[in-house]
Amino acid sequence: MRILLIYPQFPKSFWSFEKVLELVNRQVLLPPLGLVTVAGILPQEWEFKLVDRNIRAVTEEEWEWAEVVILSAMIVQKKDLLDQIQEAKRRGKRVACGGPYPTSVPYEATDAGADYLILDEGEITLPMFVEAIQRGETAGIFRAGGEKPDVTTTPIARFDLLELDAYDSMSVQFSRGCPFQCEFCDIIVLYGRKPRTKAPAQLIAELDCLYKLGWRRSIFMVDDNFIGNKRNVKLFLKELKVWQAEHQYPFSFNTEASVDLAQDQELMDLMVECNFNGVFLGIETPDEASLQLTKKFQNNRTSLSESVEAITRSGLRVMAGFIIGFDGEKNWRGCADCPVCGANGDSYRVVWDITGFTRYCPLASTRKRGTAPE
């Protein structure tokens with residue numbers, strides 16, 4: 001079976017960093033970890049080619065070669081996902097779709113012509129897809145029925161399929177799920193509230209793979225909350241610390257975490273010792289009432305400004321995410337009026353490495369849907 005994996009384009013935005021990437025002679029910030037993981041789960045006697053359309057277009061030869069086209073996308077890639085489904089069908093190809101966006105809103109992929117929907121987590125639903133292909137079925141929807149896979153069984157992703165020189169950073173994943181219950185977030189809908197982690201040796205094997213392929217730059221731990229299971233992440237970091245030293249620190253790391261990272265000095269120290277240099281925090285808003293309303297309780301337990309300061313002081317640069325448009329949110333007059341950024345205008349300032357703002361627009365799959373404006 002000849003499988004063409006296609007990763008749709010992202011629209012140009014602040015987060016695409018195209019001008020910054022030009023300065024370092026790279027085309028894309030991060031690779032499609034989901035698709036190379038899919039290639040690792042599917043039968044290895046199948047043939048694979050991967051095209052990241054953020055790097056280049058699919059060639060005529062690749063279209064002709066493919067028997068089945070598999071696409072994965074997030075909501076921001078919606079337009080190109082639907083365009084590529086339609087292009088593949090125009091060429092008479094069978095099309096399968098999966099990933100966060102089709103899992104959350106499956107009917108749009110089928111309306112565009114997708115034959116197979118491989119939804120939820122692939123460790124469960126990809127074998128269903130393979131069995132359907134082997135039975136000669138030409139369409140199907142495959143769901144996990146609420147079951148969450150044991151990620152210690154996930155094979156090493158097929159990083160060899162990537163055009164490595166095009167990327168500024170690589171991606172690996174240690175855990176899935178988050179213990180918190182923020183109403184605007186679809187992570188707990190997709191992956192649950194019980195963080196599931198890989199074994200330390202398992203992720204070290206993935207790093208070994210990247211090392212053997214010649215990778216010597218940054219790696220992003222794509223976990224939506226890297227510290228969701230603090231016990232397991234500390235066990236992993238202790239082994240990573242040894243591996244990094246033995247290999248003369250070939251990688252730097254960054255990740256995403258909840259703000260309660262600031263209350264665990266041992267964890268922050270371990271991250272720095274492993275050559276983590278940055279962490280993305282979902283600050284969301286300085287309005288405590290909005291945080292309470294949306295059940296982001298962890299951001300109200302301690303001072304956000306003091307938490308950011310503690311993380312920065314430990315040696316991790318902070319990339320802060322904010323959301324604009326919560327119901328009843330206060331109208332802050334500026335940084336001097338904001339309890340996160342300043343106090344009384346000039347007595348304290350938080351230092352952000354990067355600050356990003358997102359408009360509040362929850363997906364249909366999040367529980368907050370229907371209580372916020374469309």
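Miscellaneous remarks
- Residue-level analysis places Q298 among those that are in a helix (DSSP H, G or I) and within 24 Å of the chain's Cα centre (by Cα).
- Whichever residue in region 83-123 is of a type in the set (A, V, I, L, M, F, W, C) and assigned to a loop (DSSP other than H, G, I, E, B) and, among such residues, is nearest to P8 (Cα to Cα): A114
- Output for region 219-230, where each listed residue is more than 13 Å from the chain's Cα centre (by Cα) and more than 14 Å from M271 (Cα to Cα): G228, N229
- Against the criterion of being crowded, with 19+ Cβ neighbours inside 10 Å, over 19 Å from the mean Cα position of the chain (by Cα) and under 20 Å from L316 (Cβ atoms), A262 qualifies.
- Criterion: in contact with a helix residue (DSSP H, G or I) (Cβ under 7 Å, 6 or more places away or on another chain) and of a type outside the set (F, W, Y) - qualifying residue of E284, E309: E284
- Positions within region 2-27 being under 19 Å from D83 (Cα atoms) and crowded, with 16+ Cβ neighbours inside 10 Å, in sequence order: I3, L4, L5, I6, Y7, P8, Q9, F10
- Looking only at residues of region 38-76 that are touching a Phe, Trp or Tyr at 6+ places or on another chain (Cβ under 9 Å) and among the basic types (K, R), we find that the one that is surrounded by the fewest Cβ atoms within 10 Å (Cβ to Cβ) is K49.
- Looking across region 258-292, the residues that are assigned to a helix (DSSP H, G or I) and either out of contact with any Ser or Thr (no Cβ under 9 Å at 6 or more places or on another chain) or of a type in the set (V, I, T) (or both) come down to V259, E266, L267, L270, V272, E273, E288, A289, S290, Q292.
- Only one of the numbered conditions (1) surrounded by fewer than 22 Cβ atoms within 10 Å (Cβ to Cβ); (2) more than 23 Å from the chain's Cα centre (by Cα); (3) not acidic (D, E) is not met by A88, and that is (1).
- Subset of region 153-183 (residues that are among the hydrophobic types (A, V, I, L, M, F, W, C), under 22 Å from I75 (Cβ atoms) and surrounded by 22 or more Cβ atoms within 10 Å (Cβ to Cβ)): C178, C182
- Restricted to region 1-82, the set of strands (runs of 3 or more DSSP E) holding at least 3 residues that are touching a residue at least 24 places away in the same chain (Cβ under 8 Å) and among the β-branched types (V, I, T) comprises 68-72.
- Within region 130-163, the set of residues being part of a helix (DSSP H, G or I) and free of Cβ contacts under 8 Å to residues at least 60 places away in the same chain comprises E131, A132, Q134, V151, T152, T153, D160.
- Selection of region 185-213 for residues being farther than 20 Å from V272 by Cβ, of a type outside the set (K, R) and in contact with a helix residue (DSSP H, G or I) (Cβ under 7 Å, 6 or more places away or on another chain) yields D186, L190, T197, A199, Q202, C209, L210, L213.
- Unmet criterion (only one of (1) within 30 Å of R301 (Cα to Cα); (2) at pLDDT 95 or above) for L162: (1)
The values are calculated or read from the model by the stated rules, or taken from the named source; none is laboratory data. Keep in mind the model is a prediction, meaning the values are calculated, not measured. All Cβ positions, even for glycine, are placed from backbone atoms using ideal geometry, and neighbour counts span all protein chains on display.
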